[in-house]
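The values are calculated or read from the model by the stated rules, or taken from the named source; none is laboratory data. Note that this is a predicted model, so its numbers are computed, not measured. Neighbour counts run over all protein chains shown; Cβ positions are idealised from the backbone, glycine included. SASA here: full protein model, heavy atoms, side chains in, ligands and nucleic acids out. Shrake-Rupley method; radii C 1.70, N 1.55, O 1.52, S 1.80 Å.
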Amino acid sequence: MTAIPDTRPKMRGARFLQSRGMRRFFRHKLAVLGLAMITLIAVACIVGPWLLPHDMLDIDIRGRFSPPLTDTYLFGTDEMGRDLAARLFMAGRVSLMVGVAAMVLSTVVGTVIGLLAGHFGGALSTALMRFTDAFLCFPQIFLLLALAAFLEPDAMMITIIIALTSWMEIARIVAAEIRSLRERDFVTAARVSGASHAWIMFRELLPNAAGPIIVAATLTVARAILIEAYVSFLGYGIQPPLPSWGNMLNNAQQYLDSAPWLAIVPGVAITLAVTSFNFIGDGLRDALDARSDMP
Amino acid sequence: MATFLLRRLGHSLLLLVLVSIIGFALLNLAPGGPLSQFALSPGMTQADLDRIAEQMGLNRPLPVQYLDWAGGLFFGDWGASFRDGRSVLSVISGHLFATLLLMAASTIISVGLGTLVGVLGATRRYSLFDQLATVGAMVALSIPTFWFGLVAIYVFALELGWLPAGNMYTIGDQSLGDYAIHLILPSVVLALVNVAIWSRYMRSAMLDVIGQDFVRTARAKGLRSQRVLWRHIIRNALIPMITLAGLQLPTLLSGALVTETVFTWPGMGRLFLDSLNYNDYPVVMGILMFTAILVLLGNLAADILVAAVDPRVRLE
């Protein structure tokens with residue numbers, strides 16, 4: 001007897017790019033624009049500091065407050081005569097890293113809590129979801145600033161704190177998704193065939209909830225970059241001399257009248273990066289999760 | 001309605017307990033715990049610290065300390081500011097009006113503008129306006145509030161000189177018009193994010209209602225489309241917006257903190273930051289708990305209001 005050929009579709013390489021979800025994503029013009037913008041920003045932040053003639057710490061006192069496009073200063077210089085472009089790109093590395101790392105952490109925490117609540121139901125679910133609700137009562141910036149002030153954190157701690165205050169929405173999304181999947185036939189089949197809780201949660205339920213999680217995770221990067229900018233602007237986030245897009249704006253308000261580019265340049269960078277992730281998230285939602293059209 | 005109210009109140013009460021537990025855990029995270037301020041003063045020995053801990057009851061078991069703290073919270077004893085010894089509640093209430101004024105003004109703007117954009121977007125679905133509004137909302141959600149504030153100050157206060165760059169009033173001139181002029185920039189800046197969110201949800205709620213049978217019935221009866229729009233669609237689409245207003249309260253408060261900082265607005269957010277800079281932990285914790293309770297009550301009020309206008313919710 002010959003073996004039955006495996007005709008299941010494989011999602012590898014070109015096939016993956018041609019899959020329905022990917023085609024829908026690439027038809028979404030804004031999502032493609034977002035992807036292009038964030039790639040450009042990331043490449044600029046990685047390569048930029050090597051290409052620029054100035055180091056971000058070089059101080060040129062006579063050339064302080066040079067407006068953009070003076071000499072070799074692409075975006076001008078700050079109050080100490082440091083090259084704004086070099087600082088912007090280095091800051092971009094920090095801000096993007098913090099944003100992505102905070103997203104990974106909060107997605108893991110939110111997904112685990114949502115999985116446990118959704119899969120087990122009952123008292124555990126009630127307890128976990130009420131706990132989530134209680135966390136949502138605290139306005140994020142207030143909670144974050146209090147934590148940051150109490151812990152006097154470095155960049156890694158800031159990332160952890162941001163994650164600690166932004167996992168709740170993912171937990172809710174995952175719990176709701178799992179609850180709706182739990183009663184489906186394939187889960188019952190796994191249960192009656194004796195699969196363990198861990199197997200059902202991670203091998204049956206989780207892959208089927210991947211769409212909403214990916215969408216929420218993408219939007220969480222956008223939020224995390226914004227939140228980092230807020231706390232760093234207020235002086236409790238990433239501490240100088242390590243630059244971040246938020247703390248570059250920290251001093252900008254004093255020089256708003258004489259050197260507005262100090263405020264404009266980092267602000268535009270934040271807005272572009274966050275917009276990119278929001279566009280990508282929107283495209284992914286259209287591609288992976290057709291049901292909701294909520295923002 | 002009575003069962004609904006009871007259940008909802010019970011839920012809020014449980015949340016209040018959980019919120020206070022989280023708050024208490026935070027309090028114990030402060031460097032050196034509640035003793036931090038005393039540890040800072042020179043000449044303080046460990047024996048002194050132990051004595052203070054004894055006096056403040058910090059050597060008791062944690063659950064007992066928690067009950068004591070939560071009891072104080074409940075009966076209005078929120079401790080005293082490290083800075084001037086005034087009670088935390090009176091310090092907060094002194095800054096409450098400015099924040100509420102700012103939040104109210106910004107809410108009026110965002111609800112008005114957001115509803116308008118949402119209704120227009122839903123009635124002219126996929127039109128150029130709708131698409132621009134969709135993209136615009138996403139960009140608006142991506143602009144850092146504080147940076148938008150800086151740009152607004154640069155343009156309208158520094159370059160054009162039309163509006164003041166900050167503060168709530170001009171010293172010596174506290175007329176109503178003076179307040180109003182100072183209110184314009186911060187409330188518009190704070191409203192930006194909420195206009196975006198409100199308009200997206202309003203559009204979506206409108207589309208949900210437009211597809212329902214009673215709307216088709218109303219049209220089939222031969223009602224004028226304007227009447228259907230106002231009496232049937234918009235009225236029903238606004239119901240979920242009440243819930244949204246409650247849910248957006250934390251975002252609004254966070255935004256107010258940032259806006260107050262940029263515009264030197266003498267509200268609760270500024271007070272919070274000042275207290276952080278002075279290590280004034282009682283006031284920091286007080287404001288944190290105060291905002292959380294405010295959010296809790298806001299959500300409770302929104303839910304009760306929804307149940308009052310929409311009988312379907314009560315029966316669930």
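Below are the figures for this structure:
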quantity	calculated
Qualifying chymotrypsin sites (Phe, Trp or Tyr not before Pro) for region B:250-288 [loop in DSSP, other Cβ within 10 Å: at most 16]	B:Tyr278
Kirkwood hydrodynamic radius over Cα pairs of region B:136-189, then Stokes diffusion coefficient at 37 °C and 0.692 mPa s, in µm²/s	273
Debye log10 I(q)/I(0) for region A:163-260, one point scatterer per Cα, at q = 0.10, 0.13, 0.22 Å⁻¹	-0.48, -0.63, -1.06
Gain in span if fully extended, B:Ala53 to B:Tyr126, counting 0.36 nm per residue against the direct Cα distance	19.7 nm
Isotropically averaged projected area of the protein assembly as shown, using the convex hull of Cα atoms (one quarter of hull area), nm²	37.9
Most to least packed among A:156-165, A:114-123 [average Cβ atoms within 10 Å]	A:156-165, A:114-123
Within a Gaussian network of chain B (alpha carbon springs, distance under 10 Å), most fluctuating of B:Thr107, B:Thr251, B:Thr261	B:Thr251
Surface/4 estimate of mean projected area, convex hull on alpha-carbon atoms of chain B, nm²	22.0
Residue of B:Ala122, B:Ala104, B:Ala53 that the Gaussian network model of chain B assigns the largest fluctuation, springs spanning Cα pairs under 10 Å	B:Ala53
Kyte-Doolittle at least -0.5, axis length at least 27 Å by Cα - qualifying DSSP helices, chain B	B:2-27, B:88-123, B:176-210, B:281-309
Protein-only accessible surface order, largest first, of B:Arg86, B:Arg7, A:Arg62 at 1.4 Å	A:Arg62, B:Arg7, B:Arg86
Long-range HN-HN contacts of A:Thr77 with modeled amide H, under 5 Å	A:Phe65, A:Ser66, A:Leu84
Among B:Ile52, B:Ile239, B:Ile21: highest mean-square fluctuation, GNM of chain B, C-alpha pairs under 10 Å	B:Ile52
List B:Asp274, A:Asp185, ordered by accessible area with a 1.4 Å probe, largest first	A:Asp185, B:Asp274
A/B buried area, accessible surface, summed, 1.4 Å probe, Å²	4500
Within the protein assembly as shown: Cβ-based charge dipole about Cα centre, in debye rounded to nearest 20 (Lys, Arg +1; Asp, Glu -1)	3100
At least 30 Å along the helix axis (C-alpha) and Kyte average at least -1.0, DSSP helices within chain A	A:29-51, A:84-120, A:210-233, A:261-288
Signed unit charges on C-beta, dipole axis of the protein assembly as shown, positive-most listed residue B:Leu18, B:Thr145, A:Phe279	A:Phe279
Residue mean of other protein chain beta carbons inside 10 Å, A:260-268	3
Per residue accessible area in Å² of the protein assembly as shown, where ligands, DNA and RNA are left out and the probe is 1.4 Å	48
Value of relative contact order over chain B, rounded to a whole percent, pairs C-alpha under 8 Å and six or more apart	27
Charge-dipole axis of chain B as Lys and Arg at +1 and Asp and Glu at -1 on Cβ define it, positive-most pick from B:Ile210, B:Ser110, B:Val135	B:Ile210
Solvent accessible area, Å² - B:Ser254, 1.4 Å probe, full protein context	10
Reduction of at least 10 Å² in accessible surface, 1.4 Å probe, comparing all protein chains with the chain by itself, residues of region A:16-46	A:Leu30
Exercise: per-residue mean of other protein chain Cβ atoms within 10 Å, A:128-136	5
Sequence ranges A:257-269, B:191-203, ranked by mean other-Cβ count within 10 angstrom, highest first	B:191-203, A:257-269
For chain A, with +1 on Lys and Arg beta carbons and -1 on Asp and Glu, the positive-most of A:Ala224, A:Ser196, A:Ala102 along the dipole	A:Ser196
Of all accessible heavy-atom area on region B:97-309, the percent that carbon and sulfur account for (1.4 Å)	66
B:Ala80 long-range amide H proximity, modeled H, under 5 Å	B:Val88
Quotient of C-alpha Rg and 2.2 N^0.38 Å, computed over chain A	1.20
Normalised contact order of chain A, rounded percent, pairs of Cα under 8 Å and 6 or more residues apart	25
